[in-house]
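Here the structure is laid out as structure tokens; the discussion comes afterwards.
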Amino acid sequence: MADSSNTMMKIPLYVIDAFTQKVFGGNPAAVCPLEDWLSDEQLQSIAQENNLSETAFFVNRGESIYELRWFTPTIEVDLCGHATLASAFVIFNYLDGSSESVTFATRESGALTVSRDGDQLTLDFPARRAEFVAAPDELLEGLKANPKEVLLSHDYLAVYDSEEAVRALRPDMGALMKLDRQGVIATAVGVDCDFVSRYFAPRAGIPEDPVTGAAHCTLVPYWAERLSKRKLHARQVSPRGGELFCEHVGDRVKISGYAAKYAEGFLYL
């Protein structure tokens, strides 16, 4: 039988576990380096086929600058931390080993820089300060456990009294689907770290995200003020779990972590 792949488009595909030092932890992201952009329909179809919380696509524009986009299985999103970390990991380890930093040009979140110090990678992201609000009925119905306070930025931020309360949450995803924001961050002071969190985004096709870098754009300013600390050690206490080292820097946050390669291959279109 003839090899039909010779007549098809061949695209590199990496699966990287982000915010962990070993596979089967952290948050897996698919990363597809492209020579030029595919159609939006093709990008969304690839992300749906990969069926991970995020698939990142980037195009090299020279001088360590890459255009970057992120897709869940159902939508394109305006910011994603773990898939940006995964993209930088691929560039540093497999595409451009001489660079110590890369800049990603994004459509809605501006220029995002990732630098490396040994095996640790650091994201430079915009801070998203949250404001106190009254809890919508759909939020309380969905979380099924009332938080002590609720704030709003890009997502809802539900603050609980303890790490145990955050770990015990079993949300009603149907109720959370009715909210007017993409997701819900649940958080509390940590037992062996500064704070813990979980992230639920059923409206984006992600019932629970394992480790969410973008959520820390909201979490870091909140906890930096609450704990009077600029540098913070965080854990996302999803079933897979992940670890983040964060710093609040004015209107920016620095989010550091590790990554591990799970798979490498090609997809064919």
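The values are calculated or read from the model by the stated rules, or taken from the named source; none is laboratory data. These numbers were taken from a predicted model, which means no experiment stands behind them. All Cβ positions, glycine included, derive from the backbone under ideal geometry; neighbour counts span all protein chains shown.
Put simply, of Val211, Val150 the only residue that is outside the structural domain of Gly25 (by TED's automatic domain parsing), under 21 Å from Leu85 (Cβ atoms) and surrounded by 19 or more Cβ atoms within 10 Å (Cβ to Cβ) is Val211.
Scanning the range 59-74 for residues that are charged (D, E, K, R) and buried (at least 20 other Cβ atoms within 10 Å of the Cβ) gives a single hit, Arg69. I'd like to know if the range 26-43 contains one or more residues that are hydroxyl-bearing (Ser, Thr, Tyr) and surrounded by 14 or more Cβ atoms within 10 Å (Cβ to Cβ). No, the conditions are met nowhere in the range 26-43. Residues that are without any contact (Cβ under 8 Å) to a residue 12 or more places away in the chain and closer than 30 Å to Ala260 by Cβ: does the range 134-152 have at least one? No. Check whether at least one residue in the range 168-181 is buried (at least 23 other Cβ atoms within 10 Å of the Cβ), within 21 Å of Asp137 (Cβ to Cβ) and not basic (Lys, Arg), and report yes or no. No, every residue in the range 168-181 fails to be buried (at least 23 other Cβ atoms within 10 Å of the Cβ), within 21 Å of Asp137 (Cβ to Cβ) and not basic (Lys, Arg). Could you run through the range 81-122 and say how many residues are aliphatic (A, V, I, L, M), touching a residue at least 12 places away in the same chain (Cβ under 8 Å) and in a strand (DSSP E or B)? Within the range 81-122, residues that are aliphatic (A, V, I, L, M), touching a residue at least 12 places away in the same chain (Cβ under 8 Å) and in a strand (DSSP E or B) number 5. Take residues that are in contact (Cβ under 8 Å) with a residue 60 or more places away in the chain and tell me which of the strands (runs of 3 or more DSSP E) falling wholly in the range 179-269 contain 2 or more. The qualifying strands (runs of 3 or more DSSP E) are 206-209, 242-249, 252-257, 259-268. Scanning the range 228-239 for any residue that is closer than 30 Å to Pro12 by Cα, surrounded by fewer than 24 Cβ atoms within 10 Å (Cβ to Cβ), touching a Pro at 6+ places or on another chain (Cβ under 8 Å) and not assigned by TED's automatic domain parsing to the domain that holds Ser45 turns up at least one such residue. Residues in the range 75-122 that are surrounded by fewer than 14 Cβ atoms within 10 Å (Cβ to Cβ) and among the polar types (S, T, N, Q): Ser98, Gln120.
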